[in-house]
Structure formats: structure tokens, C-alpha cells
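See structure below.
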Amino acid sequence: MTTSTAAHAAAAALADSAAYAEAVDTATQAAAAYYATGESTLDDDAYDRLVRGIAAYEQAHPGEMSAASPTGKVAGGTAVGDVPHTVPMLSLDNVFSAEQLQSWAASVERRIGRPVEQWSVEPKLDGLAIAARYEHGRLARLVTRGDGSAGEDVSHAIGTVTGLPNRLTQPVTLEVRGEVLMTNEQFEQANTVRTAHGGAPFANPRNGAAGTLRAKDREYTVEMTFFGYGALPLPATGEALAEQLGEWPHSRLMAYVAGLGVHTAETTAVAPRTLTEVDDIQARVEEIGALRPELPFGIDGIVIKADLAADQAAAGSGSRAPRWAIAYKLPAVEKVTTLLGVEWNVGRTGAIAPRAVLEPVEIDGSTVSYATLHNPADITRRDLRIGDRVMVYKAGDIIPRIEAPVAHLRTGDEQPIVFPEVCPQCGSDIDTSEQRWRCVRGRDCRLVASLSYAAGRDQLDIEGLGVTRVVQLVEAGLVTDLADLFTLSRSRLLELERMGETSTDNLLAAIEGAKRRPLSRVFCALGVRGTGRSMSRRIARHFATMEHIRAADAEALQQVDGIGVEKAALVVAELAELGPLIDRLIAAGVSMTEPGATPPAEGGDGNDDPAADAGPLDGMTVVVTGAMTGALEKLSRNQMNELVERAGGKSSSSVSKRTSLLVAGENAGSKREKAEQLGTRLVTPDEFAELVADLLDQNG
Ligand code: IVH
């Protein structure tokens, strides 16, 4: 458990020794739960207040200090393990403001009696500390931090942690230390796989990493990512290397570690910087704070370290934390609030999803009023009740999630959550055979929503077919599914209210135009569960025709980037369900091919013909931001992404080291700044239009 910025709030006031004993108990339990499974029973702020209350009481009553007290201990003194660390794995002390940073830096310099030569300023990764021992370049052992002096052997996780190679680029013996975490993408992926196996979703990425690291015999594997932040010699390390590891500045050491093939924060937008002035450190802290919501992984602060080995040695270490490093904490992304109710919403595809209504709570700058509850089984597993105090997690663009009810805050007045017995939308039966409940009428239950979606600008783009008109068509009985749209007769339309000759002809012409949309748009319009716009484009580009998509089995579908075992099975099932509808669309003359794409080779395992994909953006990852102008002015963001992909590129929404090109339109904001920092190639909309001129012409 860590402390956090709301630490400006008062420490818990402990009136007497009984209150002290209870506080020690509560804090120890919370820390134990947190370090065992990543699931805490107190949020960071509450834990921090409690521990500071305990510390204050101990200072006032030194004679009453309990041996169980979490103060001054790594991991609150709770973690277990039997693999001794060669050098203790310490924790970090915290600061929360510019003033505290300033006075901490001054205290280090006073202690060593000279200015610190330079500071390394790096992200504080929000995961679990791991020591990775390499012997002759081979990954031999993974050990958790444990109580700091001994940790748990989690070597079974070797091979599931991206960024921790089995073999280094050199046959050296050393220990790399760093943080194991789940990126946001890995977290979503882990929860998809986990819920498909009937497990409870992880509430947050750190939780996911903690649970996954410990799990031994799961039938599925989920990936995690390692970020190295330190290295040290092992007893068997050669003398020359051991000496260098002990003498190099931290920044030099980390460059060496990266050179060995280990992943570090160097490749991220928040890469470590070496700075000399405290004002510059503060500026970088603010910069990292601003980049946080867009990062593809969680950080909970910024770590500032004296960079030179000599400065570190002079400052020394305490029993819990080094004196040469500090964590500058960012606001907590977890808060406790009250579960006020549960809403049951029926989606476009008939899926019935519970959503938690929360007492609004401010988390990291935004107000959270709703959180996802996944499915009914999940509610049961978590034993949630209305009125519960619940831990809510929200970071970056991750959908807010409920972690768990805070059991010790229950009053007894909490009420059970009532599950619907019939579809809340149409009153039909509910198919409860899968984890995710669904109205037995499927898409027909939300016919208006699914037709409006299909007609939308990013799908079939049928002008004049807004929700009102769809309602009118459905109520008149003219349309019962998507295919009916393509067989509407002029005379029947003319009978409708507010449908004169002009509107009727315009609508029919727009529907006629929709028959010529690329397959990616048609596929998206079908609303296949588990796929959205960008996945539809990937599928369409990979298979080129609907015939090939329908002929694909789950294995063939997995060749598409982003489709795993579970999604492949879902898509196959959905296509079978949608078969009759697709047949009728084909019969009505709707085009089912993707211009410019070639089908996968017969018997081959995917569309890997290089010539087929060669376009002006071949192999490039492109991000579009700001307002488009000139030839691109009328293109929506979705159309820009389509253009990028037709030109052989990959479209992405966030800038990272992997971004090859940023198309920066008017009023491009933080993405442009980030790209400039990273030295990413920037082009204006006009320059981009030049690049893809051939494809624009084709577009007409
Ligand atoms: S240095 C002796 N650097 O934060 C120095 N730690 O709250 C201790 N952490 O135990 C570690 N990012 O698990 C360091 N860039 C970073 C870090 C980092 C995350 C973790 C680490 C540490 C904890 C302390």
C-alpha cells in the first residue's frame, strides 16, 4: 500500500491505546490483502491517513509501539517469501508537493555536504516489484519483493512477461529489478479471457498483475509487461562487471540494461530524464502528470533519484527506503464511494449489461458516476449490495470499475441487487445460458438502435435515415431487419407521414448508395458482437470478401491482429446467427468486398502477400489529431483511419515511440506536443493528402 496526494488530508486521530490497536489491525489487514492479491480493503488515501495516525500515536506514546505496526516496514510488514535478496529491496518515501520536493532535495544535499550532481526523473510504474536474476544471460529466477529481505519465487511466470527476455544480448550474470504490470490493453485482454473462463474480472491492472504473477496452474495465460528500473551484481557476477554496476551512474546503468534487451521506461513518452535543477524536476513532474491519462499503462507517481553512485552512497539508506530517492505521488486513481443502484441496459445486439450507479466521486480530475459491472455472475461473485461502500478504479481512458465492497464498512442496511427476470427493454425472456445475459430476441430487441447504428455515418452512411425515420419505418412495419431497408418500395414509403416525393427519392438514392460501401462498413453495420469499427476494418482487409470471412474458422480468424481464441469463437457464432441476414443483403445487391484488399492465399495462413499491402504508408503507424483541412476537410476521424489503413498503414489514437507519423491538423493539442517531444515525424493535413493522393483520387 502506498500513500497518496490526498495526504494533505488529516491523519486519523487515535484517541487511546484501543483505537491504536484497532488501527494497527485494520492497516495490517489492508496491507496483507493488498500485497497478497492486489485487492485492498482501504483506498490509498484512507490507508495513508491511517498509517500516519498510527505513526503520530507512536511518536506520542513510544512505549506503546506494537510489534505488528506497519510503520517503518516494507510492504507494511506483511509479505512472505523464502528467497533471500542479496541486497534488500527497499520501498520509497513520498512527497506530494513542490515545497516538499524542494525540502527533500535540500535535505539530501545537506546530508552529503555538497550539491547532488544530477537527478534521474522517471515514472513510478504502478505494478509489483520483481527481481529478475540472469545467469550467463539466461533468465533463471523471478522473485517478488516480499518483506524486502526475502521474496517469493514466481519463476513459473517466466515467459509470460513481455520485456523480460529469456536470453539477454550478452551472457552476463546480474539481477535486474523493476516493475511487472499490465498495460491497459493487457488488462482488457486479461479480463476478456478471464471472464470467458468464468473467472471474476480483475478490478485494476495492478490487481491483475498481482493475481497473474502468483497463479500457477491456470488453463490460460495472460501477458504482463516488465519495466526495469535498476540492476545490481549477483554473487556470481564477474568482477569487472560487478565493479561497473556499482560505479556507473543510474542513467548509464539503465542504458546498459536496455542494451541487454530488457524493457525499460526509455521507450515511453515519460522516459527518464537527467536534470540538475529542482525547478526543472518540478516541471518534468507536471509534464509527466499531464501525460498520465494518455499513457498505455498506469503510473502512480514520479521517482526522483540521485543519479551518481557516489551521491547515492553518500546519502545512504534507511531500513525502509533509500535516502537518495523519493516518490512524488500523483493523485490516487482509486476511491471509495457508495453504490446507489444498478441499471440494466440492453445494447444494440440484445446484450443485457448491468451498470453501477455511484455516488459521484472525483477521481484524478474527473467525476465518476457510473462503473461497469460486467455481468450478473460477477455481481454475485463480488457479493455486491446496494448501499455498499465500494472501491472504484478509474485511470486514463479505462472504463471505471468496481473493485470490491469494503466489507468492514457494512452497516447491515445494504440491500441485495435484484436481477431482471425479463428483458428490461422489451419484456421477452432472457437467455441466461452464457455469462453475459442476452434478450432472446437478440438484435431485434433493439431494432431501432441497431438500424440507426447501421445507417450511421461511420457504417453505411445513409443520409436521411436518422433515428426518427427509423422509428417511423419500424412502426409502420416496413422494416424488421437491416435487409428490409434494401427492398423498400417507393409507393409504401410515399404513404408515410412527412414523406413527400423528394424525401422519398432522396432516401431511396441514399440506400442505393449504401449498397456500394466497402465490406468493412457493411461488416461493421451488422453489429457483430466483439467487433467495432477498427476491428471490422482489420477483418475486411484481411479476408477481402464476405465469402472468405464466412468460410473462416476460429483458427483462421485468429490470424487477424487483435483476435484471440475467445473473440474468434464469438465471431464465428455471430456470423452463423447472422447468416440468413447476410444472404438477404447479398441478394439485395449489397457489395461484400473490400476495395484494394486481396483474400488470404489458399491454404495459407493469412494475408501476407507483401505486394498486396504495399501502399504509401506501408508498415507505418499513423495518428491523426486536430481538425483536418483542404482535401481532407470533410473526412471524419473514422474516414481518416480508413484512409491510413487503405494506404497500408496502421491507425492508432495515441502517440508513442512506435508512432511513425502524426497528421497534425488545426488546434492539435497534447498529441502534437508529445510527438514533438518524441521527435515523431509531423505532417500537415495538406502534406498528408499529398502522400496518399492516389487513394484520395480513387475515393472520388
Ligand atoms: S526505485 C531503492 N524506481 O515503487 C529504490 N521504484 O513505492 C527503490 N517503483 O518498491 C526502487 N517505479 O516497486 C524505483 N522508477 C522506479 C519505480 C519504482 C515503480 C516501485 C518499486 C518500489 C515502489 C516504492
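The values are calculated or read from the model by the stated rules, or taken from the named source; none is laboratory data. If you're wondering where the values come from, they're calculated on a predicted model, not measured in any experiment. As a convention, Cβ positions derive from the backbone with ideal geometry for all residues, glycine included, and neighbour counts pool all protein chains shown.
Any residue in segment 110-125 that is within 13 Å of the ligand (Cβ to nearest atom), of a type in the set (Gly, Ala, Ser) and modelled with pLDDT under 95? Taking every residue of segment 110-125 in turn, none turns out to be within 13 Å of the ligand (Cβ to nearest atom), of a type in the set (Gly, Ala, Ser) and modelled with pLDDT under 95. Within segment 128-149, take every residue that is modelled with pLDDT under 95 and small (Gly, Ala, Ser) and give me the one that is nearest to the ligand (Cβ to nearest atom). Restricting to residues being modelled with pLDDT under 95 and small (Gly, Ala, Ser), the top hit is 148.
Listed by first and then second residue, the pairs with beta-carbon distance under 7 Å, at least 6 apart or on different chains, first residue in segment 323-340 and farther than 18 Å from residue 359 by Cβ and in contact (Cβ under 8 Å) with a residue 12 or more places away in the chain, second assigned to a loop (DSSP other than H, G, I, E, B) and more than 15 Å from the ligand (Cβ to nearest atom), are 331/364. Just to be sure, is residue 441 closer than 30 Å to residue 524 by Cβ, of a type in the set (D, E, K, R), out of contact with any helix residue (DSSP H, G or I) (no Cβ under 8 Å at 6 or more places or on another chain) and buried (at least 20 other Cβ atoms within 10 Å of the Cβ)? When the stated conditions are applied, residue 441 does not pass them. Of the residues that sit in segment 339-386 and are in a loop (DSSP other than H, G, I, E, B) and surrounded by fewer than 17 Cβ atoms within 10 Å (Cβ to Cβ), which one is modelled with the lowest pLDDT? Per the stated criteria, the residue is 365. Per the listing 441, 469, the residue uniquely more than 29 Å from the chain's Cα centre (by Cα) and closer than 17 Å to residue 513 by Cβ is 469. Do we have residue 264 as surrounded by fewer than 16 Cβ atoms within 10 Å (Cβ to Cβ) and either more than 14 Å from the ligand (Cβ to nearest atom) or modelled with pLDDT of 95 or more (or both) here? Answer is no for this residue. Considering segment 267-318, the residues that are in a helix (DSSP H, G or I) and of a type in the set (Asp, Glu) include one that is farthest from the ligand (Cβ to nearest atom), namely 279. All conditions in (1) farther than 16 Å from residue 95 by Cα; (2) in contact with a helix residue (DSSP H, G or I) (Cβ under 8 Å, 6 or more places away or on another chain); (3) surrounded by 23 or more Cβ atoms within 10 Å (Cβ to Cβ) hold for residue 275, with the sole exception of (3). Collect the residues in segment 319-338 that are part of a strand (DSSP E or B) and away from the ligand (no atom under 13 Å from the Cβ), keeping them in residue-number order. Hits for segment 319-338 are 334, 335, 336, 337, 338.
Output yes when any residue across segment 237-246 is near the ligand (Cβ under 10 Å from one of its atoms) and assigned to a loop (DSSP other than H, G, I, E, B), and no when none is. Scanning segment 237-246 turns up no residue that is near the ligand (Cβ under 10 Å from one of its atoms) and assigned to a loop (DSSP other than H, G, I, E, B).
Residues are listed down the side, and each one gets a yes or a no for (1) in contact with a Gly (Cβ under 7 Å, 6 or more places away or on another chain); (2) over 18 Å from residue 83 (Cα atoms); (3) touching a residue at least 60 places away in the same chain (Cβ under 8 Å); (4) not charged (D, E, K, R):
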{"residue": "138", "(1), (2), (3), (4)": "no, yes, no, no"}
{"residue": "157", "(1), (2), (3), (4)": "no, no, yes, yes"}
{"residue": "181", "(1), (2), (3), (4)": "yes, yes, yes, yes"}
{"residue": "186", "(1), (2), (3), (4)": "no, yes, no, yes"}
{"residue": "196", "(1), (2), (3), (4)": "no, yes, yes, yes"}
{"residue": "200", "(1), (2), (3), (4)": "no, yes, yes, yes"}
{"residue": "205", "(1), (2), (3), (4)": "yes, yes, yes, yes"}
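Assess whether residue 219 counts as being outside any strand (DSSP E or B) and more than 16 Å from the ligand (Cβ to nearest atom). Judged against the criteria, residue 219 is a match.
Looking at the structure I just gave you, is residue 647 surrounded by fewer than 19 Cβ atoms within 10 Å (Cβ to Cβ) and either free of Cβ contacts under 8 Å to residues at least 60 places away in the same chain or more than 23 Å from the chain's Cα centre (by Cα) (or both)? Judged against the criteria, residue 647 is not a match. Taken together, the residues in segment 653-694 that are at pLDDT below 90, farther than 15 Å from residue 269 by Cα and buried (at least 18 other Cβ atoms within 10 Å of the Cβ) amount to 1.
Quick grid of which residues meet (1) charged (D, E, K, R); (2) at pLDDT below 85; (3) surrounded by fewer than 16 Cβ atoms within 10 Å (Cβ to Cβ); (4) in contact with a Lys or Arg (Cβ under 7 Å, 6 or more places away or on another chain):
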residue	(1), (2), (3), (4)
170	no, no, yes, no
175	yes, no, no, yes
182	no, no, no, no
206	yes, no, no, no
209	no, no, no, no
218	yes, yes, yes, no
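Between a residue in segment 539-555 that is free of Cβ contacts under 8 Å to residues at least 24 places away in the same chain and any residue that is assigned to a helix (DSSP H, G or I), which pairs come within a Cβ distance under 6 Å, given they are 6 or more apart or on different chains? Sorted first by the residue in segment 539-555, then by its partner, the pairs are 554/568; 554/569; 554/572.
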